[in-house]
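What follows is a short report on a single structure.
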Amino acid sequence: MLFQGTDVLGVESGEITVAYRRWAEARVVPGRVYRTNAGRIEIDAISQVNPDLIVDADITGTGRENARDIRRRLRGDESLPTWRIAFHLVEGPDPREELANTTTFSADDLADLQSRLDGLDARSAHGPWTLAYLRLIEAKPNVKAAVLAEEVGRDLLPFKTDIRKLKNLGLTFSLEKGYTLTPRGNSYLKTLT
């Protein structure tokens, strides 16, 4: 989820704990933690609502003055369902950031990482890819995802999904344009040489 304008500060401070979004289907799951441009948030609840029935009493935690302001700020196709998302800010360091900045591997850590990468390769319908993608990002940091996807003969969205899997293992960072290896990703590749 992305937040705009002063909402970023409101979420960061913990003042904003409710958001409304127009989505074809729910894009968040209660109990899960999501990284946003305002920090990590945990979803407490999500429910579909009729935006015309939102009243001023419903807007506590939104950072808005009144229900009309909520409706005015809704983006997207008006035919899409409107969702009310309650969440709270998750304090403390992001475990993925800590993992990404880890540069040393014990024998067990390295074996676990290799096992996970082997599993991704084995479950892939398009064959082994993890090492090739890491090497591609190493060679071409800050290159648009569409260019990288074309280079490996993949459609953009499945390619980005695969890169997200590497990111979840602490091996890549997403940039405004393209990707780069994390310190952990660089260290992993050095263990292979």
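The values are calculated or read from the model by the stated rules, or taken from the named source; none is laboratory data. The model shown is predicted, which means the values in this text are computed figures rather than measured ones. Ideal geometry is used to build each Cβ from the backbone, glycine not excepted, and the neighbour counts take in all protein chains shown. Side chains included, ligands, DNA and RNA excluded: accessible areas come from the protein's heavy atoms. Shrake-Rupley method; radii C 1.70, N 1.55, O 1.52, S 1.80 Å.
Here is the list for segment 34-134: GluC sites (Glu not before Pro) lying in DSSP coil, each with at most 13 other C-beta atoms within 10 angstrom of its C-beta, are 65, 78, 91. For segment 47-113, applying the loop criterion from DSSP together with a ceiling of 16 other beta carbons within 10 Å to the trypsin sites (Lys or Arg not before Pro) yields 75. Of all aspartates and glutamates in the structure, those lying under 16 Å Cα to Cα from residue 190, and not within fewer than 8 positions of it along the same chain, are 109, 138.
How much accessible area per residue does segment 91-193 have, in Å², with a 1.4 Å probe?
Per-residue value: 58 Å².
Among 55, 33, 11, the largest mean-square fluctuation in a Gaussian network model of the chain, built with springs joining Cα atoms closer than 10 Å, belongs to 55. Atom-type composition of the exposed protein surface of segment 1-146 places 49 percent of the accessible area on carbon and sulfur (1.4 angstrom probe). Per-residue 3J(HN,Hα) values for segment 112-119, derived from phi via the Karplus relation 6.51 cos²θ - 1.76 cosθ + 1.60 with θ = phi - 60°, read 5, 4, 4, 4, 5, 5, 4, x Hz in sequence order (x marks Gly and Pro).
A simple spin-label model places the labels of residue 107 and residue 26 4.6 nm from each other, with each point 7 Å out along Cα-to-Cβ. Rounded to the nearest 20, the size of the Cβ-charge dipole of segment 61-193 about its Cα centre is 560 debye, with Lys and Arg at +1 and Asp and Glu at -1.
Just flag the GluC sites (Glu not before Pro) in segment 104-193 sitting in loop per DSSP whose Cβ has no more than 16 other Cβ atoms within 10 Å. Those satisfying the criteria are 176.
Rounded to the nearest 0.05, what FRET efficiency do residue 8 and residue 190 have when you use their Cβ-Cβ distance and R0 = 30 Å?
FRET efficiency, residue 8 to residue 190: 0.20.
Residues in segment 173-193 near a label at residue 146, defined as backbone nitrogen under 14 Å from the 7 Å Cα→Cβ point? Zone members listed by number: 177-178.
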